[in-house]
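Reading through the structure tokens given below for one structure.
The values are calculated or read from the model by the stated rules, or taken from the named source; none is laboratory data. Everything numeric in this text was worked out from a predicted model, so none of it was measured. Here the Cβ is made from the backbone with ideal geometry for all residues, glycine too, and neighbour counts use every protein chain on show. In case anyone asks, the SASA skips ligands and DNA or RNA and just uses the protein heavy atoms, side chains included. Shrake-Rupley method; radii C 1.70, N 1.55, O 1.52, S 1.80 Å.
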Amino acid sequence: VMAIFPSHYIHIGGDECPKKAWKRCAHCQALMQREGLADEQALQSWFIHRMERYVVSHGRDIIGWDEILEGGLAPHATVMSWRGEAGGIEAARQHHQVIMTPGHSCYFDFYQQEPVDAPMAIKGYLPLDSVYAYNPLPAQLTPDEQRYIIGVQANIWGEYIQTPQYFEYMAFPRLLAMSEVQWTAPDRKEFTDFARRLDAHFPRLEANGIAACRDFYQPRMEGVWNAEQQQFEVHLSSLCPDVEIRYALGDSLLTASSPLYQGPIALTEEHPLYAALFRKGKPLGEVRCRRFAVNT
């Protein structure tokens with residue numbers, strides 16, 4: 001691997017390694033006894049340390065997933081924190097470099113729009129605005145400890161991704177949001193400003209033939225019970241700025257002259273509700289439909 005790739009860092013993995021087989025393995029148990037290792041966690045740490053010494057002897061450094069913390073962290077290791085942020089916080093407190101990549105904010109194989117509107121994905125829900133809102137500098141760390149958080153990484157695992165177009169759909173535009181998480185100080189980030197720039201950037205994605213997800217141009221539809229008014233309401237919203245949201249109930253045809261959404265829509269019985277975004281009388285995306293069951 002080092003002969004092929006000139007990079008300074010060599011990723012050694014180190015994640016999701018079950019220890020049950022090691023407990024039954026005569027070779028592993030003999031090795032633990034010979035090296036004075038207390039348990040299988042220590043055996044994994046012994047192996048990671050050994051691999052690090054080898055990699056460092058060739059002028060490189062290792063990166064591993066946060067499981068490499070188990071049993072003791074190798075001296076020069078950089079940690080990728082994927083099982084939440086706890087591993088990254090612990091590594092930073094030990095003055096090790098950290099790349100934040102927690103599943104809740106960085107896993108782009110999660111759905112980025114509601115599953116009913118999307119191709120099959122592995123699980124989860126990670127929309128564009130949630131990606132943009134991520135702050136990789138945990139408040140639990142001191143400013144000095146935060147210096148060890150050197151970046152973020154977006155992950156796209158391919159179990160459910162069979163085509164390049166589907167890969168592009170999962171990556172964009174969320175990758176643009178993650179870029180600003182990496183490059184922009186948290187106190188200078190502002191989603192409305194990002195959304196305006198993204199709106200202007202979509203034609204560039206299209207010109208380059210990138211099959212980006214266009215959920216940005218579809219309304220969000222949320223049904224809620226208003227306890228104060230004692231009524232069921234549907235709230236419509238949009239990530240895209242400077243648009244009109246038009247809607248239609250039941251069998252009404254949705255057009256540019258349909259009712260303009262100006263506040264919660266009260267429903268007294270079950271209805272399908274159609275909504276779309278318009279700008280200067282032209283639709284920006286597809287019509288979205290939801291059926292809301294009203295139980296009072």
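Miscellaneous remarks
- The figure for M170 is an accessible area of roughly 0 square angstrom, using a 1.4 Å probe on the protein chains alone.
- Averaged per residue, the chain has 55 square angstrom of accessible surface, using a 1.4 angstrom probe with ligands and nucleic acids left out.
- Most mobile listed residue (Y160, Y217, Y107) in the chain, GNM with C-alpha springs under 10 Å: Y160
- 28 Å Cα-Cα reach of K20 towards lysines, excluding residues that sit fewer than 8 places from it in its own chain: K123
- Mean separation of Cα pairs under 8 Å and 6 or more residues apart, divided by the residue count, gives the chain a relative contact order of 10 percent.
- Cysteines without a disulfide-compatible partner [the chain; Cβ-Cβ under 4.7 Å]: C17, C106, C213, C240, C289
- Label-zone membership for region 116-156, site R93, 7 angstrom Cα→C-beta point, backbone N under 19 Å: 136-150
- If you run the Gaussian network model on the chain, springs between alpha carbon atoms under 10 Å, then out of R188, R220, R174 the most flexible one is R188.
- For region 189-250, the calculated P(r) over all alpha carbon pairs, in 10 Å bins from 0 to the bin holding the longest distance, is 18, 37, 28, 14, 4, 0 percent.
- For region 1-103, the equivalent ellipsoid built from the Cα gyration tensor has semi-axes of 23, 18, 12 Å, listed from largest to smallest.
- Each Lys or Arg adds one and each Asp or Glu takes one away; over the other residues whose Cβ falls under 13 Å from the Cβ of E90, this sums to -3.
- Sequence ranges 287-294, 273-280, ranked by mean other-Cβ count within 10 angstrom, highest first: 273-280, 287-294
- Between Q29 and N295, the modelled label-to-label distance comes to 5.5 nm, taking each label 7 Å out from Cα in the direction of the beta carbon.
- Contact order normalised by residue count of region 77-151, Cα under 8 Å, 6+ apart, percent: 32
- Exposed GluC sites (Glu not before Pro) absent - longest run of the chain, DSSP non-H/G/I/E/B, at most 15 other C-beta within 10 Å: 17-158
- Farthest toward the positive end of the dipole of the chain, out of A276, Y9, I156, is the Cα of Y9, where the dipole comes from beta carbon charges about the Cα centre.
- Using R0 = 30 Å, the C-beta based FRET efficiency linking D144 and H8 works out to 0.80.
- Region 163-237: relative contact order as a whole-number percent, Cα under 8 Å and 6+ apart: 31
- On Cα atoms only, tilt of 191-207 relative to the major axis of the chain in degrees: 90
- The distance from the alpha carbon centre of region 166-203 to that of region 1-63 is 37 Å, rounded to a whole number.
- Cα gyration tensor, region 33-176 - rounded (a/c under 1.5), prolate or oblate: prolate
- Selection from G72, P219, Q146 lying farthest towards where the dipole of the chain points positive, charges on Cβ: G72
- Carbon plus sulfur fraction of accessible area for region 30-73, probe 1.4 Å, in percent: 52
- Charge dipole (Cα centre; +1 on Lys/Arg Cβ, -1 on Asp/Glu Cβ; no other charges) of the chain amounts to roughly 600 debye.
- Compactness of the chain, taken as the C-alpha radius of gyration over 2.2 N^0.38 Å, stands at 1.29.
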